Every structure is written in C-alpha cells, then in structure tokens.
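Colleague: My questions all concern the structure below.
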Amino acid sequence: VMADARVLVTGATGFVGRVLVRRLREQGVAVRAAVRGPAETARAVLPPGTEVAVVGSIGPDTDWTDALVGVDTVAHLAARVHVMRDAAADPLAEFRAVNTAGTRHLAESAAAAGVRRLVFVSSIKAVVDESRPDPVTDATPADPHSPYGVSKREAEEALAAVSTATGLETVVLRPPLVYGPGVAGNLRTLLKLCARRVPLPLAGVRNRRSLIGVETLADAVAACLVHPAAAGRCFLVDDGAPLSTADLVRALSAGLGVEPRLFPVPPALLGLAARLLGRADALDRVAGSLELDSRGIRNTLGWHPPLDTASGLRATAEWFKASGA
C-alpha cells in the first residue's frame, strides 16, 4: 500500500470506520480521521498515531480545507443513516443535506485540493429498497424509494458528475446489511431474541439474504483505495454466500452457545399475520430475499472476502455475549 500517501477517512469513529482505520494503520498507512468532534473523544477510540481533523457536521458547507492538506485518497464513510422511525419533519431533505450535498461538496473540495481518488461507501438501498426474487446485478437499474436510498443514489450521481468535471477518480461500493462486533439495529435485535431463546416462526423461511462482515467491507474499501482498475467503477460487495434468515438464526445461536428455537409457519400465514399487524415491512426484512451478485469486484480487482460468513457471525455473537448486552 502507498507508503508515503495519506488517507482521509470520514466516519472514522463509526462502526465500519474504526475497523478501516485499524486495518490501514496496521498496514503502515498514514491515516487522518475526519470527525465531528471533540478530538479527544476520537483519539480515545482510534489507533495510536492516527491524525484527527475536526470538521464538524457534514453537509454542503463543511470546511474541508485543513483536513485535506497532503491527502492522496479519501474513504467517505460518514452518512446520515437509515433510521426506522425518523423524527425529522422532512426526512428526505435531511438525508440529502448530509448524504448528497455533503458528499458532492467533499468531492469538489477533494478535487480542488489535488486528491487523486475518493472511495464512497453507498448502499444496496441506492438500487433497491425491498426484497426481490432474483439477484441484484451490476445491470439492475437503480430504483430507490426510501429517503435514505434516494439520497445515496443521488450522491453516486453527484460523484460521477464531479469526476467528469475534475478528473477525480471515484469508486462506489454498495454493501448490503453490515454485521460484526458492535453491530446495532435489526441484527442486534435478532441477537437479543436468540440469546433469550425466544421461539421464532422462521423454520420454513427459505429466503436468500446477502450480508457483509465489517472486516470484509473494510478490506474492500482498502482495496479500492489503491487498485488501479477500481477507478470510475461501482461495485456490489458482500460476503459472497447468501443465507436464509433461519440459517442466520442458527449461526448466531451457535456463536451464543444456545440451541436455536425455530418452528415452522407457512410463509403465507406469516404474511397474513404481518399485514394484520401492519408490519408488512418488518416481514419483508425477515422473510424476503435480497441477494447480490458481487462478481464485478472479484473479477475486476481479484478481490475476495477475507472472512467467511459463519466465522464472522460467530465472532459477532461472541462479542454480543461478552458485552452482556
């Protein structure tokens, strides 16, 4: 990896950011972490020797000047993330300010500062928001509906425009659900249910869900920062082996050291129950399929996931157990 180059990482203290910074530092790369602040808080969770630049919140007016001095490449991970019950009066406007306008402004600032390449962690939600029977491929037309998905798709388009105008190399990664030690959201809820041995009516669910481990996503970002063939590309990225929700429960339970408690209910009955409870969206996340065809990054970069899903889920469950969450 670039011995004398400096990487600016946004979202460096986040779930994926911490893992990426650690990996890059282990490879001897100079890393500057762009953080909201304060600097002391960031230094407490980042590896020794990581530079810290306080940039405040990310948006169309963020001052990136100092943060970008001497920077060769940028890994842009910071985002306003998908929240289930958004309290904002206009969620799309809020997502656009951070994810779209904030990303465009960072790219323009980076180009002006002489940065060579920017790697953007987008989301599969920039392509599809809900489950679908057939795998998502590089040729699947982007048709997001959620405010989060729309803002990420518009950010991808903004990056392409900045790249055309300035020559800044851009790389886009579209991961599915990211898991690993420290995970929050739906997967943490599932871990709690498994740990408490709550019976789950998912034994009959034969869906196919792609996932990506946090270490694997960080590895893909690191590869895209340096690989010549990554420039200008947009890659779907995942662990490479989709699994059913029932298999996910089995893997997490194994890591927790408990017997999985699954019982079969016909999927049609599950669907009816979800609709009666007004939670069809929740059922879609549990029983729907969302499989990625990530051959693009493998074939183009010769990149392969460093960790298999079973090991990654086991490590996640062991972390959850040890944390007493």
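Colleague: Could you grab the relative contact order for the chain? Cα pairs under 8 Å, six or more apart, rounded to a whole percent. Walk me through the numbers before you get to the answer.
Modeller: Details: 651 pairs, mean separation 58.0, N = 325.
It rounds to 18 percent for the chain.
Colleague: Taking every pair of Cα atoms in the chain, average 1/r, invert it to obtain the Kirkwood radius, and report Rg/Rh to two decimals. Present the calculation step by step, with values, prior to reporting the outcome.
Modeller: Working: Rg = 19.8 Å, Rh = 20.5 Å.
Rounded to two decimals, Rg/Rh equals 0.97.
Colleague: So how strong a dipole does the range 201-325 carry about its Cα centre when Lys and Arg Cβ are +1 and Asp and Glu Cβ are -1, to the nearest 20 debye?
Modeller: Here the range 201-325 has a charge dipole of around 300 debye.
Colleague: Just tell me the longest site-free run in the chain, where the sites are trypsin sites (Lys or Arg not before Pro) in a DSSP loop having at most 13 other beta-carbon atoms within 10 Å. Numbers along the way, then the final one.
Modeller: Working: sites that count: Arg85, Arg196, Arg197, Arg206, Arg279.
Here the longest segment lacking exposed loop sites spans 86-195.
Colleague: Pick out which of Leu20, Leu217, Leu272 has the largest mean-square fluctuation in a Gaussian network model of the chain, springs linking Cα atoms closer than 10 Å.
Modeller: Among Leu20, Leu217, Leu272, the largest mean-square fluctuation in the Gaussian network model of the chain belongs to Leu272.
Colleague: Something else: What residues have an amide H closer than 5 Å to that of Thr170, excluding those fewer than 5 places away on the same chain, when H is modeled at 1.01 Å from N in the peptide plane?
Modeller: For Thr170, whose amide H was placed from the backbone, the distant partners under 5 Å are Leu118, Gly232.
Colleague: Near the amide H of Leu292, under 5 Å away, which other amide H atoms are found, from residues 5 or more places off or on another chain, if H is placed in the peptide plane?
Modeller: Counting only residues 5 or more places away or on other chains, the set is Val136, Ser210.
Colleague: Show me the GluC sites (Glu not before Pro) within the range 84-162 that DSSP assigns to loop and that have at most 16 other Cβ atoms within 10 Å of their Cβ. Display every interim value, and only then the final one.
Modeller: Details: sites: Glu94, Glu108, Glu130, Glu154, Glu156, Glu157; in loops: Glu130.
Those that pass, being in a loop and sparsely packed, are Glu130.
Colleague: Show which lysines lie in cross-link reach of Lys321 when reach means a straight Cα distance below 27 angstrom and same-chain residues fewer than eight apart are skipped.
Modeller: Candidates past the 8-residue exclusion: Lys192.
Colleague: Further question: So, counting K/R as plus one and D/E as minus one, what does the shell of residues with Cβ under 12 Å around Arg275 add up to?
Modeller: Values: positive: Arg279; negative: Asp281, Asp284.
Value of the local net charge: -1.
Colleague: Sticking with this structure for a sec: In whole angstrom, how far apart do the alpha carbon centroids of the range 71-114 and the range 146-176 sit?
Modeller: 10 Å
Colleague: Another question about this same structure. Can you list residues from other chains, or at least 5 along the same chain, whose modelled amide H is less than 5 Å from the amide H of Ala78?
Modeller: Answer set, sorted by chain and number: Thr10, Gly11.
Colleague: In Å², and per residue, what accessible area does the chain have when probed at 1.4 Å with the other protein chains present? List each step's numbers first, then the result.
Modeller: On the way: 14440 Å² over 325 residues.
I get 44 Å² per residue for the chain.
Colleague: Same structure again: By how many degrees, between 0 and 90 and to the nearest 10, does the Cα long axis of helix 147-166 differ from the longest principal axis of the chain?
Modeller: The angle comes out near 30 degrees.
Colleague: Which percent of the accessible area of the chain is formed by carbon and sulfur heavy atoms (probe 1.4 angstrom)?
Modeller: Details: 7800 of 14440 Å².
Carbon and sulfur together cover 54 percent of it.
Colleague: Which whole-number percent is the relative contact order of the range 20-85 (Cα, under 8 Å, 6+ apart)?
Modeller: Details: 59 pairs, mean separation 17.2, N = 66.
It comes to 26 percent, rounded to a whole number.
The values are calculated or read from the model by the stated rules, or taken from the named source; none is laboratory data. Remember, predicted model here, so these are calculated numbers, not experimental data. Positions of Cβ are generated from backbone atoms using ideal geometry, with glycine treated the same way; all protein chains shown enter the neighbour counts. The accessibility values were calculated without ligands, DNA or RNA, using every heavy atom of the protein model including side chains. Shrake-Rupley method; radii C 1.70, N 1.55, O 1.52, S 1.80 Å.
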